[in-house]
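Here, each number is a calculation from the coordinates, and none is a lab measurement. Note that this is a predicted model, so its numbers are computed, not measured. Heads up, the Cβs are rebuilt from the backbone with ideal geometry, glycines too, and the neighbour counts pull from every protein chain shown.
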Amino acid sequence: MKIRAIYILIFFTLATPFSCSDWMELYPPQGLIREEFWKTKEDVQAVIMGAYESFAQLDGMLFKYGEIRADMVIGDYNQLWFERRVAESNIYPENYMCDWSDFYKVINYCNEVIKNAPLVQERDDTFSDYLRQGYLSEAYFLRSLSYFYLVRIFKDVPYVTEPTESDDTEVYIEKMDGDEILEYVMDDLEEYRRFATIDGFRTLEELKGRATKGAMDALLADIALWRFDYEAVLRHVANVESNIKYVLMPSAKWFELYYPGNSLESIFEFQFDDNLNQRNSMYGITQRLNHQYVPSQKAIEIFAREYTRELNRGEDVSIKKYGEDDFIIWKYVGKAPDGKTTRTGSDQSSANWVVYRMADVLLMKAEAFSQMGRFQEALDIINEIRFRADVPPISLPSSESAYEDAILEERALELAFEGKRWFDLLRMGRRNNYARKAKLIEVIVNNVPSTQKRILATKLNNPLGWFLPIYESEIERNKNLVQNPYYNY
């Protein structure tokens, strides 16, 4: 794996919407080498902002990784061929969606900060311990979030903790077991959480768009849930709940999660502002005329008026109907929950990508409670989310599978099209030694042509097929990489 060093790049404008008004646009000169660059705290700041910028540019891919193999979206006639192959689980290593290099670009930014921030402090007398530790907490958060995505998408990946020293460096790193990587990641987050701010950033955009304690706690809870460590989930969620600034938005204001964004419910979201040349991908992916991704039949049946009592999350809010069998995803296109007012001008590409918000974290807690047999506590949370949505409460039999299904359904309703669904289903399929993998396989094969369903269902009995292969060019470049054995054709 060859990771390009950051010094040959010209940074994008870094006076981003998560920046204070006095943050400057920082441009390391092209061709700058390490010894010439790491001089001041502003250099560290620039690389941290570069990491945020690079991760934000992945928003469209985060949507695709989290949705297209699941059951809430389907590809329309302009869906890219390689993406259709992934949606149908007909995946080969030359598919561009198997390219993990953009995640490692973010990781390399973070590794640069982790290595060089202490050196800068020796050169810059104004670079305080407090500021250095804060930047390090942000670097560890973004690196950890990158690895969490990589492990859920690919399972076992190279664990890189040193920056590339030069543009010509060849790095041949073997894969590490994904579970082991997540152990390291959680240790990092636990250690550097204490240096993250609670509310010390000076603007709303920074508080929601940079790594705070709340963001680190939400990520820790998510990783703990993926690892089925339910006591840890409760501990990390309790830390989020202790911050009284995070609250569920009232039902009438639910759509403010997406427009204008940065709501009271938000914990961490990647920021976009077309006026600052920072454009998201989601408007283009989901707007009607592009015909790339539209709501699936399942999404229509849980949101459309003819099927459901959902109002605050339903038709004209999460989806929009134009005609018979003609629906679009509304969250990133609409400006209001009316199915009429669309984003215009610079607003079209300015919808933030929400990574964590309070409803998501509370449903993590409900899932942990249910798997621990604490059913009433889980039910209270489910019905709290439903009450906020103005839908009737439910009652459930006291069984883990009944609660698992109910929580999956509630997460589908609440977090639709937010890049969560595939990972939720994958977590279910892995739980209790793959006890319910047949349910996951049923979801996957629903996306494939009928002639392939039986063959694919048999192949996907091997859980390694739930993860992507390593990109063909990475295998060719790195002699120490071993392909996911499911894809050894």
Calculated Rg and Dmax of the Cα atoms in Å (choose from (i) 23.6, 72; (ii) 22.0, 68; (iii) 23.7, 83), label: (ii)
Segments 284-291, 354-361 sorted - mean Cβ within 10 Å per residue, highest first: 354-361, 284-291
Trypsin sites (Lys or Arg not before Pro) restricted to the range 188-281 and DSSP loop, no more than 13 other C-beta within 10 Å: ARG202, LYS245
Amide H within-cut-off set for ILE319, under 5 Å, with H built and near neighbours excluded: TRP330
Anchor LYS213: aspartates and glutamates whose Cα lies under 16 Å away (excluding residues fewer than 8 positions away in-chain): GLU138, ASP187, ASP188, GLU190, GLU191, ASP199, GLU205, ASP222, GLU241, GLU265, GLU269
Lysines whose Cα lies under 17 Å from that of LYS437, excluding same-chain neighbours fewer than 8 positions away: LYS155, LYS453, LYS459
Net length gained if the chain between ASP380 and LEU204 were fully extended (0.36 nm per residue, minus Cα distance): 60.3 nm
Nearby lysines by direct alpha-carbon distance to LYS208 (threshold 27 angstrom, same-chain neighbours under 8 apart not counted): LYS41, LYS64, LYS105, LYS115, LYS245, LYS253, LYS331, LYS335, LYS365, LYS420
Point-to-point label distance, ILE394-LYS245, nm (Cα→Cβ direction, 7 Å offset): 3.4 nm
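Can you compute the FRET efficiency between SER101 and GLN133 using 1/(1 + (r/R0)^6), with r the Cβ-Cβ distance and R0 = 30 Å? Round to the nearest 0.05. It would help to have the intermediate numbers written out before the result.
On the way: r = 30 Å, r/R0 = 0.99.
So, using R0 = 30 Å, E works out to roughly 0.50.
Which FRET efficiency, nearest 0.05, do SER450 and LYS479 yield, Cβ-Cβ r, R0 45 Å?
E(calc), rounded to 0.05, equals 0.60.
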³J(HN,Hα), Karplus 6.51/-1.76/1.60, whole Hz, each residue of the range 259-271, x for Gly, Pro: 9, x, x, 6, 6, 4, 7, 5, 10, 8, 8, 6, 8
Computed E for ASP405/ASP177 - FRET, C-beta separation, R0 35 angstrom, nearest 0.05: 0.70
Given 16 as the ceiling on other Cβ atoms within 10 Å, longest exposed-site-free region of the chain for GluC sites (Glu not before Pro) in DSSP loops: 325-489
Segment LYS39-GLU231, length gained on full extension (0.36 nm per residue, minus Cα span): 64.7 nm
Inter-label distance, nm, simple model (7 Å from Cα along the C-beta direction), ALA438/ASP125: 7.3 nm
Reference-scaled alpha-carbon Rg (2.2 N^0.38 Å with N residues) for the range 236-321: 1.32
Gained length - ASP325 relative to LEU289, 0.36 nm times residue gap less alpha-carbon distance: 11.5 nm
Amide H contacts of ILE74 (H built 1.01 Å from N, under 5 Å, at least 5 apart or other chain): VAL294, SER296
